[in-house]
Amino acid sequence: MWDLTYTISEDMLLYPGTPQPKLHDFATPAKDGYGMSEFTFWNHLGTHIDAPSHFHADGASLDQFPLSAFVRRVRTIDCRETPDITAAFLEPRMEGYETGDGILLLTGQNRFWGTPDYFRPFPVLSDDGADFLLHHTVGMILVDAPSVDPVSTETFPVHRRLLRSPLLIVENVAYPPDLPRVFHVTALPLKIKNSNGSPARVMAAP
């Protein structure tokens, strides 16, 4: 199995404008005989899942998805050599795809995790690239980058386009170098009522 999840910590480098998480121990076994902690952080933090309700008032929240939605066969598409992930780029790389599969868009940004370079420009879906994936009824889109949109955006057009459909977006995916091109993923968010997103433990298996 492969762990595709980054560790949450108080000193982690975050998407611009996001406050640092706070991880506070109220009690410890050494001092109090038991351990209990308070975690304070935004829900779109680290490796996390976006629900349609992240950008659409009538979109589904994470707790409204069946468990099967979080378990997918995923195909990796290497996008490291293109600035724009267009329909023309995607089409010849979809061999073997079946309706409902997930797609991992490998941008190469994972190699910069924990540094300011992680937020520099990276390949993103064009309008027709996003529409292409929607037309093929992709069930989950994963990306080894901070977002499916450029970090510089103020309008988040790719999010808005994709999340009109009942699919899930998984961002900040860790990418182990020995991960197979096709794998099965389990990406489990916290089950919180009406959640528009959640940190997730994301794991892969052959």
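Spacing of the modelled spin labels on M94 and E81, each 7 Å from Cα toward Cβ, amounts to 2.1 nm. Extension gain for V71 to D128 (0.36 nm times residue separation, less C-alpha to C-alpha distance): 17.9 nm. Placing +1 on the Cβ of each Lys and Arg and -1 on the Cβ of each Asp and Glu in the range 1-99, which of G35, T18, M94 has its Cα farthest towards the positive end of the resulting dipole? Going by the charge dipole, the pick is G35. With contacts taken as Cα pairs under 8 Å and at least 6 residues apart, the chain reaches a relative contact order of 32 percent. Taking a straight Cα-Cα cut-off under 23 Å and skipping sequence neighbours fewer than 8 places away in the same chain, the lysines within cross-link reach of K31 are K22. From most to least packed by mean Cβ count within 10 Å, the peptides 188-199, 48-59 give 48-59, 188-199. Could you work out which residue, out of T137, T186, T82, moves most in a Gaussian network model of the chain, that is, has the largest mean-square fluctuation with Cα springs under 10 Å? It is T82.
Using the rule -39500 (n - 2.57) for each DSSP H run of four or more residues, divided by the residues of the chain, the 222 nm mean residue ellipticity is -2500 deg cm²/dmol.
Across the chain, counting alpha-carbon atoms alone, Rg and Dmax equal 17.2, 61 Å.
DSSP bridge analysis restricted to the range 52-206 gives an antiparallel fraction near 45%, rounded to the nearest 5. Placing +1 on the Cβ of every Lys and Arg and -1 on the Cβ of every Asp and Glu, with no other charges, gives the range 31-140 a dipole of roughly 420 debye about its Cα centre.
For the range 2-205, a crude dipole built from +1 on the beta carbon of Lys and Arg and -1 on the beta carbon of Asp and Glu, taken about the Cα centre, is about 340 debye to the nearest 20. Placing unit charges on each Cβ (+1 for Lys and Arg, -1 for Asp and Glu) gives the range 2-205 a dipole about its Cα centre, and among G129, G108, P52 the Cα reaching farthest toward its positive end belongs to P52.
Only the coordinates and a few stated rules stand behind these numbers; no lab work does. In this text, all values refer to a predicted model and were calculated from it rather than measured experimentally. Counting neighbours? That spans all protein chains shown, and the Cβs are built from the backbone with ideal geometry, glycine included.
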